[in-house]
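Heads up: the structure comes next, in structure tokens.
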Amino acid sequence: MNKKYDHCIEKWNAIFAKEQPGAPLKAVGTGNEVFDQGLQWLCSGSKSVLDFGCGSGTLLFKCALQGTQEHIGIDLSKQGIENAQKRQTQEMPDGSFRFICGGIEKMKDISSNSIDAVILSNIIDNLYPEDAVTLLSEVHRVLRVNGKALVKLNPYITDEQIKEWGIKIIKDNLLDDGFILWNNTTAQWAEFLTENLKLHKYQEIYYPEYEQTNRMFLLKKIETT
């Protein structure tokens, strides 16, 4: 899987190489009220959290500040993982953390029905569709029954915006905007995500600093009969 994301990995490594140490991780929230409500829901009653596409670990650290105890972060960016490990050592004495450099293949090392909560923040729509399908299947496998998933997605890009911004169309609604973007409508994402998980709540998150709206799905794994 990882080779076809080489250009994305290079870009993220460059971004994380320039990452400046922020203020100590004391604030529980991210600063966005709607997203923070989603994280609170995810963490409530959860002991273990997996963040696939964790970057430098910020969301896992926020979860730990809300009382979660066991944390796994997976990311293709070696620099992001190194930053996460450094931040954990310097700023997060409480909770256990395991940061892993790699892709979906690393999910295979996680036991079935072993995780209480999963974060997919602006990552599943930055995969090729066949990899997104595999990832969602793996999320369903590792989650415990009644386990929770928070899926945050990039904005939907209209045909007019694709043309105006000069975005390359790879095929159908798969775009190259500098990264990979599987550009589904909200209804298409809802149908895709609920093939394996039950929708608890959908919310839109506005980020005024970027003048951008993200889409957040809060989902649960239900017991099948």
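The values are calculated or read from the model by the stated rules, or taken from the named source; none is laboratory data. Computed from a prediction, not measured in an experiment: that's the story for all the values here. Note that each Cβ is placed from the backbone with ideal geometry, even for glycine, and that neighbours are counted across all protein chains shown.
Quick notes on this one:
- Restricting the search to strands (runs of 3 or more DSSP E) fully inside the stretch 111-225 and requiring at least 2 residues that are among the polar types (S, T, N, Q) gives 212-220.
- Among residues of the stretch 138-160, those that are surrounded by 14 or more Cβ atoms within 10 Å (Cβ to Cβ), of a type outside the set (Lys, Arg) and without any contact (Cβ under 8 Å) to a residue 60 or more places away in the chain, counted: 3
- Taking the stretch 99-135 as the range and being under 20 Å from CYS43 (Cα atoms) and either surrounded by 14 or more Cβ atoms within 10 Å (Cβ to Cβ) or in contact with a Ser or Thr (Cβ under 9 Å, 6 or more places away or on another chain) (or both) as the test, the residues that pass are PHE99, ILE110, SER114, ILE115, ASP116, ALA117, VAL118, ILE119, LEU120, SER121, ASN122, ILE123.
- A single member of LEU59, LEU39 is touching a Ser or Thr at 6+ places or on another chain (Cβ under 8 Å) and farther than 20 Å from VAL145 by Cα, and it is LEU59.
- GLY166 being touching a residue at least 60 places away in the same chain (Cβ under 8 Å), more than 22 Å from HIS71 (Cα to Cα) and over 15 Å from the mean Cα position of the chain (by Cα): no
- Residue list for the stretch 91-132, filter: without any contact (Cβ under 8 Å) to a residue 24 or more places away in the chain and either more than 28 Å from ILE169 (Cβ to Cβ) or of a type in the set (A, V, I, L, M, F, W, C) (or both): PRO93, ASP109
- Scope the stretch 186-220; condition aliphatic (A, V, I, L, M) and either within 11 Å of ALA149 (Cβ to Cβ) or touching a strand residue (DSSP E or B) at 6+ places or on another chain (Cβ under 8 Å) (or both); matching residues: ALA190, LEU193, LEU197, LEU199, ILE205, MET216, LEU218, LEU219
- Only one of TRP182, TRP189 that is at pLDDT 95 or above and either closer than 25 Å to ILE222 by Cα or of a type in the set (Lys, Arg) (or both): TRP189
- Residue within the stretch 72-79 that is within 16 Å of the chain's Cα centre (by Cα), at pLDDT 95 or above and among the polar types (S, T, N, Q) present: yes
- Filtering THR68, THR89 for residues that are loosely packed, with under 14 Cβ neighbours inside 10 Å and β-branched (Val, Ile, Thr) leaves a single hit, THR89.
- Among the residues of this structure, PHE35 does not count as one that is touching a strand residue (DSSP E or B) at 6+ places or on another chain (Cβ under 9 Å) and within 23 Å of ARG141 (Cα to Cα).
- Selection of first residues in the stretch 39-59 that are in a loop (DSSP other than H, G, I, E, B) and of second residues that are among the hydroxyl-bearing types (Ser, Thr, Tyr), restricted to Cβ pairs under 6 Å at least 6 apart or on distinct chains, gives the following pairs, ordered by first then second residue: SER46/THR68.
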